[in-house]
Structure formats: C-alpha cells, structure tokens
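Note sheet for the following structure.
The values are calculated or read from the model by the stated rules, or taken from the named source; none is laboratory data. Keep in mind the model is a prediction, meaning the values are calculated, not measured. We place every Cβ from the backbone using ideal geometry, glycine too, and count neighbours over all the protein chains shown.
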Amino acid sequence: MSDRLYIFDTTLRDGEQSPGCSMNLEEKLRVAYSLAALGVDIIEAGFPVASPGDFEAVHRIASEIHGPTIAGLARAHPKDIERAAEAVRPAEKARIHTFIATSPIHMEAKLRMSPDEVLEMAVAAVKQARSLVPEVEFSAEDAGRTEMDFLCRIVEATIAAGARIINIPDTVGYMTPQEFGGRIRELRERVPNADQAIFSVHCHNDLGLSVANSLAAVENGARQVECTINGLGERAGNASLEEIVMILRTRSDRYDIETGVDTTKIVPTSKLVSQITGMPVQANKAIVGANAFAHEAGIHQDGVLKHQKTYEIMTPESVGWTTNRMVLGKHSGRAALKSRYEELGVEVDRDALNAVFERFKILADKKKEVFDEDLMSILEHGEEAESERVKLSSLHVASGTKDTPVAAIELEIEGKVHKATSEGDGPVDAAFKAINSLVEPNGKLLLYAVNAITAGTDAQGEVTVRLQDAGRIVNGQGKDTDIVVASAKALIAALNKLPDMHAREVHAQYSGV
Ligand code: KIV
Ligand code: ZN
C-alpha cells in the first residue's frame, strides 16, 4: 500500500505575508472553501494574535470549513497560544502551530536568549497548547541553519511535551536538497521518540530550491509538506503546492506516496488565488502558468498531435485546464448555475444565488460564452460590493486617434453621488484622474496589470491595481468586458481598501463627455 503525504496549505498565512497579498475576511473565506474542495489536509488559516482581523478570519474559517484540519499559528508565548486556541476552537479538527527560532543567529540576535531558555519556552508552549487543543505542531524556525545537536534536543523535548507534528522549516531557503534530506533522515534516526511524531517540512524558495528540498525531505521520511498555491509566501515564496502534488502523481513510479488532492481543481484554485491576491502567475510557471501546456515549436506540435505523450508528461485536463470551457449560456437556469458552482467547490446559498444569477444573466447577454472563470469573477464582484464605501455609478469615456481622451465619472461615495470629468494620456489615465479627483488619499500606483480572463475579443478583462499609501500596500481587481470599466473598478476596489479614504472636500469639475 502506498504511503500518505499530508498537504498543509499555508496560502492564507505565509502566502498572505507576500508583499501586497493581504486578503480581507471574505476573500480568505473564499480561498478556504476552495482549498477544502481541492482536498488539502490542513489549512493554516492565519496568525490569530497578529490582529483582530486575523483572529476573525481564523475563527470564521474554523466555524465554516468542513474537512481539513484548521491550524492557527502562535509564537511560543502564552498570549499567542490562548488567542490561537480561541480562534481554532470551532473547527471539527483544530491544531495550534507554535514556533520559536532555534538557529544561533536567530537566538542570539533576534531572541537574545540562550539555547536552554529557548528549549524551555518551546516545551512550555507545547504543553500549554496541548492543554487547549488535541493537536499541536511545533516548528523550529530557521531549522536549516540550526546546529544538529540542539535541533535533536529540542525535537525530542517537544515530542515528549506532546507535539505530534514536528516541522523543520528552511526559513531562509538556504539548504540544498541533499543537505536538507539528510537533516530529516538524521533527525528520524537520532531522536529517540521520533516515531511518535509526523515530520513536516516548510521550505522557502530564496534559491529556487523549495520544491526540491521538500521532495528530498519526503524521500527521507517527512510525511507533511507545508506549501502554498502558486508558491506564494514571504520573499521568494514557499514551495508550490501544485508542483509537489503533481511531481508525486506524475512520478508515482519513483514515489509511492499519495495525497488527498483532487488535481483537477488545481488550476481553478490557482486562478482564484491569483485573482484575489492580485499576484499574477508567470506564463511559464509549471502546472498553472498559461504556457505550461502550450506548444509553440512545429516539431513539438507535430509530436503532440501524433501522440500526446511525446511532449506532455501529464495532461492539461488532469490539473484542471479543461475548466476553461463554455459551461452555461443565457438560457441556463438557477439550478444549472448552482450545480456548476458546486462543481467548482463553491457553496452558494439561496440569497447569494439570486444575486449572482442576476449578474450572470447580464453577463450572458453581453458574452456569447460564459466560462468558469467568468462565474468565479461575478461571484467575487458581488461579494465585494457589500463592503464598498465608494461605488462606480457610471463611466463614460471618449477617445480616438485625433481626440484627447476624456472620462466623465459618477461615483457614489458613502451614499452620496459625486461627479467629475478629466482628460488623460489615454482613456484609462483619464478615468483614473477623474476618480482620483473625487477621493483622497489616492495612494501611489505601484502596479497596473491587464489580463484576459477568457479567450476572444468579448472576453472579460481583468485588471489589477496596486496602491501604496502611508506604508500600506493594497490590491484591487476589476473585471468587465470593457477594459476601461474594468480598470476603473480595479482602482475603486483598491481605494476601498485604504482605511482613511474619503470624498474630497474640494468639488471636482464635471462637464460630461
Ligand atoms: O518560514 C518559517 O520558518 C515559518 C514558520 C512560522 C513555520 O513560516
Ligand atoms: Zn515560512
């Protein structure tokens, strides 16, 4: 019988720590539903002590998501552990993940503690966590650069204190596969009570080795891998879930190890995370990049047409690329829509279905073909609308080869209509200037990216805008069949995330277009 590898997804915790990737409560919930449908074993839902918002997100996910274990992160401090326990309490299966740094540089320069003090805190944290929840994971932060003797001591002590999952993070992505695999083997051989715990790894990608290091650990007995969708995470990111899962599946001749992941949900989940975080997936990214299954060279195309396996080691369908197909049209009813959402792993209750059905009909009228990505996009747009302080009422843009582009906009700001007209270097620039003349602060535009969600000239365009204001970075997405409207929606979505954003006192000019 094949072995089982537990997939611990930390998109909502380490992934969310990527610069510019913070998510609001509704967005985190949507990602959590999609991770549960994907079949991950553990969802690390956040770091409850970090902020009330983080606590609330972990608590809601623990209350609503069925199937996976829900983990909350906690430093080895009593307060952190109490908050994490409170946050994960409603979960069917709850876990506290507590950690402390163990490498000489972290202990001396960051914690200013001796190894004995660190060991004592780790043991106390695990004991406290075990008194509050049935399952405790302990991480030795920066284990990759920790002295092996001390790592063995702290692992043994925390297992004795009740940790049943021991996580060995390569926090700074410093290890090479042979070294890291060797560390896992040595730990399992040298720690006397090693058989009482599952060994886990958490690899960062600073040298591009996170997946290779994770696999080397699996080859040496690790049975939990911590990873993220699209490889999101601090700095260069974490090991990418889709790559690990597909390596194990595609090379089952070498790894007789199974995961619980439904691989056909990988691409929809990747797209959802990319849309929500505003972090585009590079086209040549393995598995989920737009080019991952595209064959350009004539020789390759010829080969694939003759026999798919000539140049494809896995099928696009096996990772969910077929979801980009027409599923519904304007004659489809509510039941078909609900059932398609269920297939995509999204629960839609009656009220939400009524609202989303209205948007579906409007879109189906505008577009000949409605794809899964369109369905996810109209779902998202609707949920965001509830909490918007600024809403787009109307936008009219005139532009052409001989005219200066001009945009006339009407916004509803906290219930009141405000209007402005602006010229710009292009229609998008004119629309942005008109919006910015009505609200403040505007933030500094760090990123403006356009992406077609589906194929064809009637495709919905997806625009991502990233703004920076007073040290805070926010993302906004907008989707529409009109790219200028999508851009305006994206800017407004980002502005809505700036806490101090309000209507400008000085009235902007309005003359229509
Ligand atoms: O990279 C790291 O060490 C972490 C720990 C909290 C597991 O993210
Ligand atoms: Zn990490």
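Remarks
- One residue stands out in the stretch 1-21 among those that are within 16 Å of ligand 2 (Cβ to nearest atom), part of a loop (DSSP other than H, G, I, E, B) and not aliphatic (A, V, I, L, M): the one that is surrounded by the most Cβ atoms within 10 Å (Cβ to Cβ), namely Thr11.
- Which numbered condition Phe99 fails, given (1) touching a residue at least 60 places away in the same chain (Cβ under 8 Å); (2) in a helix (DSSP H, G or I): (2)
- So Thr158, is it buried (at least 23 other Cβ atoms within 10 Å of the Cβ) and free of Cβ contacts under 8 Å to residues at least 40 places away in the same chain: yes
- Single residue of the stretch 406-421 satisfying the filter (touching a strand residue (DSSP E or B) at 6+ places or on another chain (Cβ under 8 Å) and without any contact (Cβ under 8 Å) to a residue 40 or more places away in the chain) that is surrounded by the most Cβ atoms within 10 Å (Cβ to Cβ): Glu410
- Positions within the stretch 237-248 being more than 12 Å from ligand 2 (Cβ to nearest atom) and either closer than 20 Å to Leu272 by Cα or outside any helix (DSSP H, G or I) (or both), in sequence order: Ser240, Leu241, Glu242, Glu243, Ile244, Val245, Met246
- Ala493, sole failed condition from (1) over 19 Å from Ser18 (Cβ atoms); (2) crowded, with 21+ Cβ neighbours inside 10 Å: (1)
- If only residues of the stretch 22-38 that are small (Gly, Ala, Ser) and either within 14 Å of ligand 2 (Cβ to nearest atom) or closer than 13 Å to Ile70 by Cα (or both) are counted, the one that is surrounded by the fewest Cβ atoms within 10 Å (Cβ to Cβ) is Ala36.
- Selection of the stretch 320-356 for residues being surrounded by 18 or more Cβ atoms within 10 Å (Cβ to Cβ), over 18 Å from Tyr33 (Cα atoms) and modelled with pLDDT of 85 or more yields only Trp321.
- Just so you know, in the stretch 199-236 the residues that are among the β-branched types (Val, Ile, Thr) and in a helix (DSSP H, G or I) include one that is farthest from ligand 1 (Cβ to nearest atom), and it is Val218.
- Tally of residues being closer than 17 Å to Val133 by Cβ, within 15 Å of ligand 1 (Cβ to nearest atom) and either among the aromatic types (Phe, Trp, Tyr) or part of a helix (DSSP H, G or I) (or both) across the stretch 154-187: 1
- Only one entry of Val281, Val273, Val245 meets the criterion of being away from ligand 1 (no atom under 16 Å from the Cβ), crowded, with 24+ Cβ neighbours inside 10 Å and under 19 Å from Cys21 (Cα atoms), and that entry is Val273.
- Filtered by the rule that a residue be closer than 20 Å to Val506 by Cα and charged (D, E, K, R), the stretch 394-418 gives Glu410, Glu412, Glu414, Lys416.
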